[in-house]
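Engineer: Could you have a look at this structure, given as structure tokens, before my questions?
Read the figures in this text as sums done on the coordinates, not as results from a lab. All values derive from a computational prediction rather than experimental measurement. Ideal geometry is used to build each Cβ from the backbone, glycine not excepted, and the neighbour counts take in all protein chains shown.
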Amino acid sequence: MIFESRIDAAKALIPYLEKYRNREVVVLAIPRGGVPMGDIIARHFNWELTLLLTKKIGHPLSSEYAIGAVSLYGRILNEGISNVPIDYIENETLRIRKLLDARRIKFIGQQKIIPLHGKILVIVDDGIATGYTMRVSVEILKNQMPARIIIAVPIASPRIIESLCNMVDEVIALDAPEDFGGVGQFYEDFSEISDQEVVAIMKKYNN
């Protein structure tokens, strides 16, 4: 399945979300590619839209090795990190949260952090490759005790779909081809989304 653009992909997802039309839903878009898609979906249903900002905590001896992750909604830590000093974890958590908060202000401005408790959450991105960001985001969001968590993407690696299905209430993936090599190969137009485009979209949701 080839999508003309992210807008085309978002419109293709809408019929699968119709059953939630009159429910209390928050769309969580993963920057930056998921933002224009989240905008299309949120405006169609008149739902709230915000950004899902997440960043991993790197191991003190190897920053590429993730020992956990932080979002504006909380933190998760991986198992088997007993050898990592708690002071390092706490300091990294504070540092990352400041970075995420600065990014939130840049993208969202004065929009308040939307409460998620008891709401249906629809996480939107332009595709899933490794699934790391999605998995850690879901684990953190679960701590907010939402009513349901739904992942909605046009394209995903088949290797990650099963694990995600075991984590959330519903995974909507329009295609998960065996020849998956990268998200961009399934778009005719996969132009990079700029920070300025994200800011312009999110201005419509400032409250």
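Engineer: Condition check: over 17 Å from V124 (Cα atoms), part of a helix (DSSP H, G or I) and either touching a strand residue (DSSP E or B) at 6+ places or on another chain (Cβ under 6 Å) or β-branched (V, I, T) (or both). Does I89 satisfy that?
Structural biologist: yes
Engineer: Something else now. Please state which one of V70, V27, V84 is of a type in the set (A, V, I, L, M), on the phi < 0 side of the Ramachandran plot and touching a Gly at 6+ places or on another chain (Cβ under 8 Å).
Structural biologist: V27
Engineer: Confirm whether A9 is surrounded by 15 or more Cβ atoms within 10 Å (Cβ to Cβ), closer than 18 Å to V171 by Cα and in contact with a Pro (Cβ under 6 Å, 6 or more places away or on another chain).
Structural biologist: Against the criterion (surrounded by 15 or more Cβ atoms within 10 Å (Cβ to Cβ), closer than 18 Å to V171 by Cα and in contact with a Pro (Cβ under 6 Å, 6 or more places away or on another chain)), A9 qualifies.
Each row is one residue, and each column tells you yes or no for (1) closer than 24 Å to I108 by Cα; (2) more than 19 Å from the chain's Cα centre (by Cα).
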| residue | (1), (2) |
| --- | --- |
| D39 | yes, no |
| T50 | yes, no |
| S62 | no, yes |
| G68 | no, no |
| S71 | yes, no |
| V84 | no, yes |
| Y88 | no, yes |
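Engineer: Determine, yes or no, whether A69 is in a strand (DSSP E or B), in contact with a strand residue (DSSP E or B) (Cβ under 8 Å, 6 or more places away or on another chain), within 22 Å of G127 (Cα to Cα) and of a type in the set (G, A, S).
Structural biologist: Numbers: in a strand (DSSP E or B): yes; in contact with a strand residue (DSSP E or B) (Cβ under 8 Å, 6 or more places away or on another chain): yes; within 22 Å of G127 (Cα to Cα): yes; of a type in the set (G, A, S): yes.
Yes.
Engineer: If you don't mind, there's one more thing I want to ask. So which of Y88, Y16, Y73 ends up being surrounded by 12 or more Cβ atoms within 10 Å (Cβ to Cβ), in contact with a Pro (Cβ under 8 Å, 6 or more places away or on another chain) and of a type in the set (F, W, Y)?
Structural biologist: Checking each option against the conditions leaves just Y88.
Engineer: Mind checking which residues of segment 72-86 are among the hydrophobic types (A, V, I, L, M, F, W, C), touching a residue at least 24 places away in the same chain (Cβ under 8 Å) and assigned to a strand (DSSP E or B)? Write out each step before concluding.
Structural biologist: From segment 72-86, those among the hydrophobic types (A, V, I, L, M, F, W, C) are 72, 76-77, 81, 84, 86; that's our starting set.
Retained after the next criterion (residues that are touching a residue at least 24 places away in the same chain (Cβ under 8 Å)): 72, 76, 84.
I76 - this is the single residue of segment 72-86 that is among the hydrophobic types (A, V, I, L, M, F, W, C), touching a residue at least 24 places away in the same chain (Cβ under 8 Å) and assigned to a strand (DSSP E or B).
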